[in-house]
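K.L.:
My structure is below; once you've seen it, I'll send some questions.
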Amino acid sequence: MPAALHRPEPVLRHRAEPVDRNVPSAQAAAWLRAGRSLLVTDRFGTGLDILAELRVQLHDPGEAGGYVEKRAFREAFQAASKNLLAPVVARKVALADAPRPGFLAELYPDHADFALPVEDAKVLSSAWEWYEQGVYFPVLGHRVHPFYGTYIPARMEHLELFGTWLAKYRGARDRAIDVGTGSGVLTLQLAKAGFKHVLATDINPNAIESVARQLRRLPTALPVELEHADLLGTDRGPLDLVVSNPPWMKGEVGRTLDLAMYFQDGFFERFYAQALQRLAPGGRIVFVWSNIIELSQPDVPHPIQTELDRGRFRLVEKLTRRVKPLRRRTREKVEIWELAVV
Ligand SMILES: C[S@@+](CC[C@H](N)C(=O)[O-])C[C@H]1O[C@@H](n2cnc3c(N)ncnc32)[C@H](O)[C@@H]1O
């Protein structure tokens, strides 16, 4: 089990001013924007109302907003909302209509009484719902129960496309790696496809915890080894497949979950260097990818095409599939890129 799981930071000391439903939400939101700290003292709903008002005052662009606009909103919202606190007593949010304790009990063994930003308490609560109910993955035929702070795919088409690729794969099935396993879906696809050994890495310890728990839920043991590590982790022998659904866009990483979405300079260079050292003869890199970078960041060099142009790898196959729009029309397509060492 990884040493330190990510969790919202407990607020152990504060000088927040009390607020309850007698304070208009608009007033409380304006105070937060001015940098004041507030402690909700009556209902959890009071905190949620203030957060909703804060979103309005900060002009939440919603899904319709562009990347820069959404990012700017998120930063402003995070800065202001972290000062709206909820009291936690005996590892429970001590407010009327508070969500169930859920992850509080296990994530805070070191503190019983503290405060948490209302937004964090809300995120912990919805994470608990996902964890308890699970998310059904048609490619697996069962639910996966993601632990708090673990990436959950918003769509399924890319996983189905990987399943299509995997069904056609005729190479060796001794050893595969899933780089950035998240909630573990590609790892489970590989293990179910008969790989004798699947290594799953993630830089986010919560993802490793998530997949460890998921493996324990399954009726049969799968040959999966987990490692909390950067990229390909420790060398355990030559790899037939290096599979990854890496971050699809370039960007700054603030929260842990940003690691699932945004890569930074050097990420792919290190990835290819490690893959070159570790691939077995005839081995493949298989990226689960999307054209989102071409659509939304046309100035960023394409991380796969740029590498192919260097001539160290050749493209064996590329699969493409349109995606159903999640909210509005989209030109987005998901892709599988299969690369072999030249
Ligand atoms: C887009 S998510 C994909 C998760 C999962 N494989 C899936 O397909 O749903 C990318 C994952 O890569 C992980 N990640 C990001 N940078 C990493 C790094 N340097 N080393 C290992 N994992 C990393 C993230 O934490 C995240 O879980």
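The values are calculated or read from the model by the stated rules, or taken from the named source; none is laboratory data. Computed from a predicted structure; not experimentally measured. No Cβ is skipped: glycine too gets one built from the backbone with ideal geometry, and neighbour counts run over all protein chains shown.
K.L.:
Are there any pairs, at least 6 apart or on different chains, whose C-beta atoms fall under 8 Å, with the first in the range 149-164 and without any contact (Cβ under 8 Å) to a residue 40 or more places away in the chain and the second surrounded by fewer than 20 Cβ atoms within 10 Å (Cβ to Cβ) and assigned to a loop (DSSP other than H, G, I, E, B), and if so, which?
P.N.:
Partner pairs satisfying both residue conditions: 156/138; 156/139; 163/139.
K.L.:
Quick test for you: out of 122, 92, pick the one residue that is within 27 Å of residue 202 (Cα to Cα) and among the charged types (D, E, K, R).
P.N.:
None of the other options fit; the residue is 122.
Residues are listed down the side, and each one gets a yes or a no for (1) buried (at least 18 other Cβ atoms within 10 Å of the Cβ); (2) outside the structural domain of residue 287 (by TED's automatic domain parsing); (3) at pLDDT 95 or above; (4) more than 19 Å from residue 135 (Cα to Cα):
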{"site": "161", "(1), (2), (3), (4)": "yes, no, yes, no"}
{"site": "184", "(1), (2), (3), (4)": "yes, no, yes, no"}
{"site": "205", "(1), (2), (3), (4)": "yes, no, yes, yes"}
{"site": "221", "(1), (2), (3), (4)": "no, no, yes, yes"}
{"site": "231", "(1), (2), (3), (4)": "yes, no, yes, yes"}
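K.L.:
Which one of the conditions (1) farther than 30 Å from residue 252 by Cα; (2) touching a Leu at 6+ places or on another chain (Cβ under 6 Å) does residue 24 fail to meet, given that it meets all the rest?
P.N.:
Here residue 24 clears every test but (2).
K.L.:
Give just the number: which of (1) more than 16 Å from residue 285 (Cα to Cα); (2) over 17 Å from the mean Cα position of the chain (by Cα); (3) surrounded by fewer than 19 Cβ atoms within 10 Å (Cβ to Cβ) does residue 191 not satisfy?
P.N.:
Single failed check for residue 191: (3).
K.L.:
Being at pLDDT 95 or above, within 16 Å of the ligand (Cβ to nearest atom) and in the same structural domain as residue 257 (by TED's automatic domain parsing) narrows it down to one of 149, 141, so name that one.
P.N.:
Numbers: 141 fails: within 16 Å of the ligand (Cβ to nearest atom).
That would be 149, the only listed residue that is at pLDDT 95 or above, within 16 Å of the ligand (Cβ to nearest atom) and in the same structural domain as residue 257 (by TED's automatic domain parsing).
K.L.:
Taking the options 118, 179, name whichever one is in contact (Cβ under 8 Å) with a residue 40 or more places away in the chain, under 24 Å from the mean Cα position of the chain (by Cα), on the phi < 0 side of the Ramachandran plot and more than 16 Å from the ligand (Cβ to nearest atom).
P.N.:
Being in contact (Cβ under 8 Å) with a residue 40 or more places away in the chain, under 24 Å from the mean Cα position of the chain (by Cα), on the phi < 0 side of the Ramachandran plot and more than 16 Å from the ligand (Cβ to nearest atom) holds for just one of 118, 179, which is 118.
K.L.:
In the range 279-334, what residues are assigned to a strand (DSSP E or B), of a type in the set (Lys, Arg) and either in contact with a Leu (Cβ under 8 Å, 6 or more places away or on another chain) or under 24 Å from residue 251 (Cβ atoms) (or both)?
P.N.:
284, 314, 321, 333
K.L.:
In the range 262-312, which residues are within 15 Å of the ligand (Cβ to nearest atom), among the small types (Gly, Ala, Ser) and more than 24 Å from residue 235 (Cα to Cα)?
P.N.:
Correct list: 290 only.
K.L.:
Answer yes or no: is there a residue in the range 244-261 that is in a helix (DSSP H, G or I), touching a Lys or Arg at 6+ places or on another chain (Cβ under 9 Å) and either aromatic (Phe, Trp, Tyr) or more than 10 Å from the ligand (Cβ to nearest atom) (or both).
P.N.:
Initial filter on the range 244-261 (in a helix (DSSP H, G or I)): 258-261.
With touching a Lys or Arg at 6+ places or on another chain (Cβ under 9 Å) added as a condition, the list becomes none.
No, the range 244-261 contains no residue that is in a helix (DSSP H, G or I), touching a Lys or Arg at 6+ places or on another chain (Cβ under 9 Å) and either aromatic (Phe, Trp, Tyr) or more than 10 Å from the ligand (Cβ to nearest atom) (or both).
K.L.:
Of a type in the set (Lys, Arg), out of contact with any Pro (no Cβ under 6 Å at 6 or more places or on another chain) and free of Cβ contacts under 8 Å to residues at least 24 places away in the same chain: is that true of residue 71 in this structure?
P.N.:
On the way: of a type in the set (Lys, Arg): yes; out of contact with any Pro (no Cβ under 6 Å at 6 or more places or on another chain): yes; free of Cβ contacts under 8 Å to residues at least 24 places away in the same chain: no.
Criteria not met by residue 71.
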